[in-house]
Amino acid sequence: MNDVILEVINLVREFPVQGSSREVVRAVDDVSFTVYQGEALGLVGESGSGKSTTARCILRLIEPTSGAVLYQGRDVLKMSRADLKVFRREAQLVFQDPYSSLDPKMRVGDIISEGLHIHFPRMSKDEVFAELKNLLSLVGLREDHLNRFPESFSGGERQRIGIARALAVKPSLLVCDEPVASLDVSIQAQVLNLFQELKESLGLTIIFIAHDLATVRHLCQRVAVMEQGVIREIGSREQIYQNPQHPYTRSLMVSVPEPDPKSEREKLRLRQAGLDGEAV
Amino acid sequence: MIKPQTQSVKASSNSGDLILDVSRLSVQFQGDNGPVLAVNDVSFQVRAGERVGIVGESGSGKSVTAQALLSLLSGATIEGEVNFQGQNILEMAPEKLRKLRGWDISYIFQDPLSAMDPVRTVGDQVSQVLRLRGVGRLEAKERAIAMLSRVGIRNPEARFGDYPHQFSGGMRQRAMIAMALIGDPALVIADEPTTALDVRVQAQVIDLLYELTEERGVAVVFITHDLSILAAFAQRMMVMYAGRIVESGATDDIYYGSIHPYTLGLLNSLPRVTGDIAKELTTIGGQPPAPTNIPAGCAFNPRCRYVVDQCSEETPQLTIPKGANHPSRCHRSQWLAEKPGELR
């Protein structure tokens, strides 16, 4: 395989339990995995599995309790301010909720170019504008969108704005935290395809977080399944979908609904025979 | 256990009887920039014990349709009829309507946290339906505990006194199902009841609703944006787009033999965990129209890959084309019906 871009080693993040001074809950419990240059890695788990906390620790948006995150061989957790600034340009986050993640009082052009002003302060106005035009066409938006505010866009378009903002500073690593979960079904596929295109045309490395296994299957060559802060299984797409080893992966597989009545009735029968009764 | 006087209030229905007959329902809201037609000439029927799905994206009118079934829309101009067991709900006196709601027809909301009263215990809310019909406090509590236990809540005696925030999301939705079914209604309207839940919990909640309605012979109208979750659940379904029904039929006929480009597009764009990994997911271009700005002719025509000139000029009717077994609202449904399976 390709070069390693990111290595997560024994990552732990604890949170204090509400109402207790000593008890802690381990949201991320000794997680280790490797991300290779140019791949898309799916990180799948239900709410409370620790997938988003893992992502936030990788980007050092929250401080891990212990462990290491090596980005191109250097520990993100021990970086100096200057190095961290470079890292924060190279690793970008795409948020889940396209409504709360865009400042309603900023115009689209300002939202997308904010990072350019911070990371490339010497860019001229013309250069910024040229870059904006380039970004818009990458994500499928139009030039006349630049002067509008987020409120005039649909969820899918807002997600495209969020993606353009992330791409503006030329990242190598894109961490996507459930970016299609809140979109209409017919829009989800458009955005998933956009990630696929961007990955190929820009050579991006993507960590794609999702709560179900169907969403990541098209995009991701490798998939990690998380539960209760632990990676239960990690493997190639073929291994995970065709021959899942961990019972949790299997229970996720039979729970994902597919638009096929015959196989769904069979899955319903399987669930009623085996997995049913385990109340969550 | 059920007192005769509380039971006798309810009109009984035999399996297969027509219990709900929605006829030419239109709902119009007064928007900032003139009237907004959210539901446009919708007709459908539900028989006793039947599970029917309504699928649509945001703005399709599916939730407004659901709310109209219980006359929950205030401030809207409503046309048409919603006949439940022979009576038009839309013309019912408030007093009568109150007796019907939660008792003969109940509603499961998308977000139980906002649908339940945060300062009253779960048990209180589950037993309320019975208490309002004159069931004694002790008996109502007993039956509520039995119901909570039936929906899979462990240690129901202790949980009876818990408040909604002490329940997890899945548990709350189970409690909502208990609340909806405790009065043995003839019809349950479930409005995206699992959208906020994790996949495994979602599967459990849908399975539970399936089992309970099957064993009690309750009819369900299940509203969702996700075609996949209806595949095993619904016997029959309708697909809505821009306020209208665009296709309706038996579940298998829709999934394996759809004759509407929108339904076909939706089915093809859904990601799966099995089958070929196509390089790209098939997509429907563009986005659903806002109810304030519905395209002329067929509302789907700007996004349709099979569009012809006629589509932007003339609104298609919901008709069964020759050689097909269910209706579709598409000028080219005849052509689509001649190509079974080829377009998937």
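The values are calculated or read from the model by the stated rules, or taken from the named source; none is laboratory data. Source: prediction; values computed, not measured. All Cβ positions, glycine included, derive from the backbone under ideal geometry; neighbour counts span all protein chains shown.
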Practice item. Output the residues belonging to the range B:231-263 that are buried (at least 24 other Cβ atoms within 10 Å of the Cβ), within 17 Å of the chain's Cα centre (by Cα) and part of a loop (DSSP other than H, G, I, E, B). Key: B:Ala231, B:Ala232, B:Phe233, B:Ala234, B:Ala242, B:Gly243
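Would you call B:Tyr210 closer than 17 Å to B:Arg174 by Cα, within 8 Å of chain A (Cβ to nearest Cβ) and not in a loop (DSSP other than H, G, I, E, B)?
Working: closer than 17 Å to B:Arg174 by Cα: yes; within 8 Å of chain A (Cβ to nearest Cβ): yes; not in a loop (DSSP other than H, G, I, E, B): yes.
Yes.
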Practice item. Tally the residues that are in a helix (DSSP H, G or I) and without any contact (Cβ under 8 Å) to a residue 40 or more places away in the chain, restricting the search to the range B:264-279. Key: 1
Study note, to complete from the structure: Per the filter on the range B:244-294, residues farther than 17 Å from B:Asp226 by Cα, among the aliphatic types (A, V, I, L, M) and either at pLDDT 95 or above or touching a Leu at 6+ places or on another chain (Cβ under 6 Å) (or both) are B:Ile259
Exercise for review: Could you check how many residues of the range A:226-263 are in contact with an Asp or Glu (Cβ under 9 Å, 6 or more places away or on another chain), within 13 Å of chain B (Cβ to nearest Cβ) and among the hydrophobic types (A, V, I, L, M, F, W, C)?
Suggested key: 4
Point to revise | Considering residues of the range A:1-21 that are within 14 Å of A:Ile62 (Cα to Cα) and charged (D, E, K, R) only, the residue farthest from the chain's Cα centre (by Cα) | key: A:Glu14
Review point. In the range A:218-237, what residues are touching a residue at least 40 places away in the same chain (Cβ under 8 Å) and surrounded by 19 or more Cβ atoms within 10 Å (Cβ to Cβ)?
Key: A:Leu219, A:Cys220, A:Arg222, A:Val223, A:Ala224, A:Val225, A:Met226, A:Glu227, A:Gly229, A:Ile231, A:Ile234
Point to revise | Subset tally (residues that are free of Cβ contacts under 8 Å to residues at least 24 places away in the same chain and part of a strand (DSSP E or B)) for the range A:16-32 | key: 3
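Which residue, of B:Arg131, B:Arg120, B:Arg154, B:Arg172, is more than 11 Å from chain A (Cβ to nearest Cβ) and in a loop (DSSP other than H, G, I, E, B)?
Values: B:Arg131 fails: in a loop (DSSP other than H, G, I, E, B); B:Arg154 fails: more than 11 Å from chain A (Cβ to nearest Cβ); B:Arg172 fails: in a loop (DSSP other than H, G, I, E, B).
Of B:Arg131, B:Arg120, B:Arg154, B:Arg172, the one residue that is more than 11 Å from chain A (Cβ to nearest Cβ) and in a loop (DSSP other than H, G, I, E, B) is B:Arg120.
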Practice item. Please work out which residue is nearest to A:Asn193 (Cα to Cα), limiting yourself to the range A:112-155 and to residues that are small (Gly, Ala, Ser) and free of Cβ contacts under 8 Å to residues at least 40 places away in the same chain. Key: A:Ser137
Point to revise | Hits in the range B:224-257 - residues which are under 30 Å from B:Asn293 (Cβ atoms) and facing chain A (nearest Cβ under 7 Å) | key: B:His225, B:Asp226, B:Leu227, B:Ser228, B:Ile229
Exercise for review: Please give the number of the condition B:Val308 fails out of (1) in a loop (DSSP other than H, G, I, E, B); (2) within 23 Å of B:Thr251 (Cβ to Cβ).
Suggested key: (2)
